[in-house]
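First comes the structure, then the notes that go with it.
Only the coordinates and a few stated rules stand behind these numbers; no lab work does. Bear in mind the structure is a predicted one, so any value in this text is a computation, not a measurement. Backbone-built Cβ (ideal geometry, glycine too); neighbour counts: all protein chains shown.
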Amino acid sequence: MSTLGQKPATQHVSLQKQTITGNGGTSYTLQQSVGSALDIAVFVNNTRQEPTTAYSASGTTLTMTGVVNSSDHFYVIFLGKAITTTGLPIDTVGTANINELAITNSKIANSTIDLTSKVTGVLPAANSQTNTPAFQARRSSNFNFSEITVTKVTGLTEDFDTDNNFASDRFTPTTAGKYAVTIAASMQGVNNYDMYNGDLYLFKNGSQHIKISAQGNASNRTHRYALSQTAIVDMNGSTDYLEMLCYLDTQGTDDGKLVGNTISFSAFKLIGI
């Protein structure tokens, strides 16, 4: 015959028992602490004793009203403590039953996390780090400069500047760390047709940090030399600064220019290193 109502859970907990050898007296020690006589069931010769009348209990002390001899079959069932035996049925624990602080990193194996299907939305920055400060600046018009003179590239316009660290064509990041820095431009002569060497520089704190060079016979001043490079630069987050400079070395009289829309200067902070 089937039962009505909710089917009781089976095979998941059991009560704990302690067998005690009588000593001819009334005082005995329990294997675990209890709050009162009502937390245990005491049996003498398989007859259950009445709590608070036949015995009292507090902490680990059990006091019987009458003596118990070694020949008596004497045991205690702890009613206030259940011990796991086979595991809970799968339908007895729901999400609402799990304490939000119970699931810690040590309980989650990396191999059990399916990032492809389970992780959605915008992920938080790794270890609260972001790739900022960051900026990018460009110049749309030509930048003309004199030959045989290392010249700072000016007139750059920001595309973005996350922390307002780019000003007066200089990047001074306010967060210490390593930065990926890129400089790029196309260079050519503007007056004569002489052979020349062209250089593009990244300066740190007023001194050369990177030099990119191009060399050729400019038989036509419209010949251009594309220069670009990315470097990782360590910045102290307070006084260190970066600038972009250029140089043209000719064998005649031939000023130089960086061609508009090819000129760019950018950087961002690296994380994890």
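May I ask you to compute the full-extension gain from A226 to D163, defined as 0.36 nm times their residue separation minus their alpha-carbon distance, rounded to one decimal in nm?
Numbers: separation 63, 0.36 × 63 = 22.68 nm, distance 2.98 nm.
Using 0.36 nm per residue and subtracting the Cα-Cα distance, I get 19.7 nm.
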- Query: Could you put T53, T175, T63 in order, starting from the residue whose Cβ has the fewest other Cβ atoms within 10 Å?
  - Reply: T53, T63, T175
- Query: In straight Cα distance, which aspartates and glutamates are under 14 Å from K17, not counting same-chain residues fewer than 8 positions off?
  - Reply: D39
- Message: So if I take the centroid of the Cα atoms in the stretch 138-181 and the same for the stretch 42-77, what is the distance between those two points in Å?
- Response: 89
- Query: What spacing in nm lies between the two simple spin-label points modelled at D249 and S70, each 7 Å away from Cα in the Cβ direction?
  - Reply: 10.7
- Item | Integer Hz, Karplus 6.51/-1.76/1.60 couplings in order for the stretch 258-273, x for Gly and Pro | 9, 7, x, 6, 10, 8, 8, 9, 8, 7, 8, 6, 8, 10, x, 9
- Virtual spin-label span in nm between L270 and A102, 7 Å along Cα→Cβ: 4.4
- Enumerate the amide H contacts of D163 below 5 Å, restricted to partners 5 or more residues apart or on another chain; note that Pro and chain-start residues carry no placed amide H. A134
- Note on the structure: Of all DSSP beta bridges with both partners in the stretch 13-84, the antiparallel percent, nearest 5, is 95
- Label points 7 Å out from Cα along the Cβ direction at T19 and S213: separation in nm? 9.4
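Arranged by the count of other C-beta atoms within 10 angstrom, fewest first, what order do I98, I183 take? It would help to have the intermediate numbers written out before the result.
On the way: I98 10, I183 26.
By the 10 Å Cβ count, ascending, the order reads I98, I183.
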- Amide H neighbours of A184 under 5 Å, at least 5 residues apart or on other chains, H built in the peptide plane: list them. S264
- Message: Per residue of the stretch 55-67, what does 6.51 cos²θ - 1.76 cosθ + 1.60 with θ = phi - 60° give for ³J(HN,Hα)? Whole Hz please, x for Gly and Pro, Karplus curve as stated.
- Response: 7, 10, 8, 7, x, 9, 9, 10, 10, 8, 6, x, 6
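When L270, L156, L30 are ordered from fewest to most other Cβ atoms inside 10 Å of their Cβ, what list results? Please report the intermediate quantities before stating the final value.
Details: L270 13, L156 21, L30 18.
So the residues, fewest neighbours to most, are L270, L30, L156.
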